[in-house]
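The values are calculated or read from the model by the stated rules, or taken from the named source; none is laboratory data. Treat the numbers as computed from the prediction; the structure is a model and nothing was measured. Counting neighbours? That spans all protein chains shown, and the Cβs are built from the backbone with ideal geometry, glycine included.
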Amino acid sequence: MKSIFRIICLILLIIVLTHSAIAEEVYLETKRGAIQKIPIAVVITGDDQELKSAVRKVLVNDLERSLYFDLIANDSLRLKGVPEKLDEAMRGQLISSGVEALVVGQVVRDGEKIRLDGKLYETGSGELIYAKKYIGNNNILRRIVHRLSDEIVFRMSGEKGIAQTRIVYVSDQAGRKELYIMDYDGYSSKMITGNRSINISPEWSPDGSRITYMSYRDGNPDVYVVDLNTSRRWRLTDYSGLDISPAWSPDGNTIAFSTGRDGNAEIYTMDREGKGLKRVTYIRGEDVSPTWSPTGAEIAFTSDKGGSPQIYEMKSDGTNVRRLTFKGDYNSDPAWSPKGDRIAFACRSGGSFRICIINPDGSDLREITNGPGSDESPSWSPDGKWISFASSRGGKWNIYMINADGSRLERLTNNGSNNLSPDWSPN
């Protein structure tokens with residue numbers, strides 16, 4: 001796998017040499033300060049041991065990844081059903097263990113149906129904070145538990161959880177580079193292109209209903225959009241040369257992308273239907289991989305105008321271009337954080353690529369990944385606590401996630417294929 005900047009250079013070279021060949025190459029650092037994590041316990045009741053274990057595993061993992069909670073083991077706690085209020089003895093047992101909140105889930109299998117009765121208690125008073133019943137089946141069991149997890153995160157922190165979010169990525173598991181969507185924890189993957197061509201550079205629309213990407217579906221590398229609600233897909237660009245790395249503006253009305261229609265790669269914008277084309281960069285060199293700031297006022301991108309690929313920023317109309325990175329001889333694939341306070345990118349270090357983060361003013365550069373192989377294509381979770389990225393550290397390329405502070409590395413894909421270019425959904 002190569003970064004977007006290297007992909008574009010290689011594809012342009014192959015097109016020039018062959019004219020007809022299709023290029024195949026193509027951590028939480030939430031600023032918590034003195035805020036402490038909430039000690040919480042989870043109890044799952046029911047008669048089906050396998051079902052209870054599955055529900056508990058998903059729920060505990062979700063709550064741990066939220067980074068708001070310390071999960072406290074309390075194996076001695078015994079519950080029958082789901083009480084309306086915690087009694088004094090139960091409260092005393094929980095409080096003595098340091099537990100401030102208790103999650104109780106009663107799960108029952110009824111034929112093909114699964115019922116999950118989820119409740120959240122405050123242990124000091126024993127009062128019920130949240131209660132809801134969920135009904136589904138095996139196919140959506142994980143989704144049901146993700147919903148319960150997000151409700152708990154919201155009730156206890158006031159912030160939206162990420163357990164129901166998804167990641168779009170590129171995989172060659174079907175022989176060609178197709179787009180897939182999986183849950184944020186790596187489960188329930190499904191293909192969304194299936195055109196038996198090359199599809200790369202996927203990005204979610206701000207409302208999560210569409211994905212834009214580059215595809216060779218019709219022979220030329222153009223920008224496409226797929227509507228996930230209707231499965232309708234259409235081409236946005238039809239220019240000679242390479243159109244790549246599309247990126248949605250925060251309001252969902254504009255798409256920035258890189259095109260070689262002028263001979264070298266420049267950044268253009270267009271509306272969501274492919275109209276209103278406007279050139280943004282007029283820089284000698286290759287300009288690729290645009291990423292919008294959360295306000296839509298600025299765009300960061302990769303350019304080799306200074307002799308080597310580096311990260312630059314500019315106003316969204318192309319004015320006030322300024323260089324952001326000065327350390328290292330190859331920096332690419334910028335991704336602006338949801339809060340706008342940091343930019344993640346791929347930085348070359350010791351011959352391999354790592355994931356780095358930097359403030360938008362160029363200060364506080366940090367390298368947050370290490371290990372064998374290369375790490376590329378960073379994408380932020382919508383809460384700004386995690387970064388997903390592609391890494392070759394296991395031999396083949398796979399999707400990983402890591403806290404924005406460089407802790408808690410997790411591998412998400414394990415299908416034996418190359419998995420690349422993740423993009424995290426906004427909701």
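Where in the stretch 339-427 are there strands (runs of 3 or more DSSP E), lying wholly inside it, with at least 2 residues that are under 25 Å from residue 62 (Cβ atoms) and among the β-branched types (Val, Ile, Thr)? If you could, list the steps in order and put the result at the bottom.
On the way: elements: 343-349, 352-358, 375-380, 386-394, 396-403, 419-424.
Here the list reads 352-358, 396-403.
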**OP:** Would you check if there is a residue in the stretch 203-212 being touching a His at 6+ places or on another chain (Cβ under 9 Å), part of a strand (DSSP E or B) and modelled with pLDDT of 95 or more?
**Re:** no
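Scan the stretch 177-196 for residues that are farther than 26 Å from residue 143 by Cα and either at pLDDT 95 or above or within 18 Å of the chain's Cα centre (by Cα) (or both) and jot them down. It would help to see each step written out before you state the result.
Initially, the stretch 177-196 is screened for residues farther than 26 Å from residue 143 by Cα, giving 177, 195-196.
Scanning the stretch 177-196 gives a single hit, 177.
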Original post:
From the residues in the stretch 244-268 that are touching a Leu at 6+ places or on another chain (Cβ under 8 Å) and either surrounded by fewer than 21 Cβ atoms within 10 Å (Cβ to Cβ) or among the aliphatic types (A, V, I, L, M) (or both), which one is nearest to residue 212 (Cα to Cα)?
Top reply: 255
Subject >> Lone unmet requirement of (1) surrounded by 15 or more Cβ atoms within 10 Å (Cβ to Cβ); (2) hydrophobic (A, V, I, L, M, F, W, C); (3) assigned to a strand (DSSP E or B) for residue 135 >> reply: (1)
Original post:
Which is touching a helix residue (DSSP H, G or I) at 6+ places or on another chain (Cβ under 8 Å) and within 17 Å of residue 152 (Cβ to Cβ), of 103, 99?
Top reply: 103
Original post:
Only one of these conditions is not met by residue 234: (1) surrounded by fewer than 18 Cβ atoms within 10 Å (Cβ to Cβ); (2) in a loop (DSSP other than H, G, I, E, B). Which number is it?
Top reply: (2)
Original post:
surrounded by fewer than 14 Cβ atoms within 10 Å (Cβ to Cβ), outside any strand (DSSP E or B), of a type in the set (Ser, Thr, Tyr) and not assigned by TED's automatic domain parsing to the domain that holds residue 189, is that true of residue 149?
Top reply: no
